[in-house]
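Heads up: the structure comes next, in structure tokens.
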Amino acid sequence: LGLAVGALTPSPEAANALGPAIMVIFIVFGGLYVQPANVPAPLRWIPNTSLIRHCFDALSCNEMRGLEFETERPTDLPTGDAALERFGLGDATVAKSSLRQARLLLFYWYSAGSILSNNKPRFADMLDE
């Protein structure tokens, strides 16, 4: 994503200004602060294109699957799978999330290459004297 932002902007200063803003948006929509089901309809594409979200999904599944907790109150969750359900990650797996990350990386690299090839400098032909 950083390569695509750097290729899209006209200067390094603009890339340094735009990059953190995009990353903050992806962090907010990454799954910890805002659940994908609660995102307004026009913005539903943001969590799907966030590497942070898919990384959060994979790490959560890796950490929580198969755990059993001690419960003291009725509101405590007995298992890690129940915690994943509460986060909306009941059907998520490490493999699925890793595959989505790989697809996004390929898309971002392809986008950066396409932008760079379209924005390459063009020079006038030299005249013979």
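Every read-out reported here was derived from the displayed coordinates using simple, explicitly stated rules and does not represent laboratory data. Treat the numbers as computed from the prediction; the structure is a model and nothing was measured. Methodologically, a virtual Cβ is constructed for each residue, glycine included, from the backbone with ideal geometry; neighbour enumeration extends over all protein chains shown.
Output the relative contact order of the chain, whole-number percent, from Cα pairs under 8 angstrom with separation of 6+ residues.
Worked out over the chain, it gives 30 percent.
So which GluC sites (Glu not before Pro) in the stretch 26-106 end up in coil per DSSP with only 11 or fewer other C-beta atoms within 10 Å?
Sites meeting the loop and neighbour criteria: 70, 72.
Kindly point out which whole DSSP H helices in the chain project their C-alpha atoms 20 angstrom or further along the helix axis while averaging a Kyte-Doolittle hydropathy of -1.0 or above.
Numbers: long enough: 12-28 (24 Å, 1.59); 94-118 (36 Å, 0.32).
Taking the DSSP H segments of the chain (at least 20 Å long, mean hydropathy at least -1.0), we get 12-28, 94-118.
Would you please calculate the Kirkwood hydrodynamic radius of the stretch 1-106 over all C-alpha pairs and express it in Å, rounded to one decimal? Mind dumping the intermediate values first?
Details: mean 1/r = 0.0647 Å⁻¹.
By the Kirkwood definition, the hydrodynamic radius is 15.5 Å.
Can you show me the helix-derived [θ] at 222 nm for the chain, built from DSSP H runs with n ≥ 4 at -39,500 (n - 2.57) apiece and divided by the number of residues, rounded to the nearest 500.
-18000 deg cm²/dmol
Place a +1 charge on the Cβ of each Lys and Arg in the stretch 9-100 and a -1 charge on the Cβ of each Asp and Glu, then give the dipole magnitude about the Cα centre in debye, rounded to the nearest 20.
420
Give the range of the longest stretch in the chain that excludes all chymotrypsin sites (Phe, Trp or Tyr not before Pro) found in loop regions by DSSP and having at most 10 other beta-carbon atoms within 10 Å. Can you show the working numbers first?
Details: sites that count: 33, 123.
By the stated rule (loop sites, at most 10 other Cβ atoms within 10 Å), 34-122.
Charges only on Cβ, +1 for Lys and Arg, -1 for Asp and Glu: so what's the dipole of the stretch 66-114 about the Cα centre, in debye to the nearest 20? Mind dumping the intermediate values first?
On the way: 5 positive and 7 negative charges, 103 e Å.
Using only the charged Cβ atoms, the result is roughly 500 debye.
Using the alpha carbon gyration tensor of the stretch 42-95, what are the three equivalent-ellipsoid semi-axes (square root of 5 times each eigenvalue), largest first, in whole Å?
Values for the stretch 42-95, descending: 25, 13, 7 Å.
Count the net charge of all other residues whose Cβ sits under 12 Å from the Cβ of residue 85, scoring Lys and Arg as +1 and Asp and Glu as -1.
Here the count lands on 0.
Place +1 on the Cβ of every Lys and Arg and -1 on the Cβ of every Asp and Glu in the stretch 57-129, take the dipole about the Cα centre, and give the residue among 97, 78, 118 whose Cα lies farthest towards its positive end.
118
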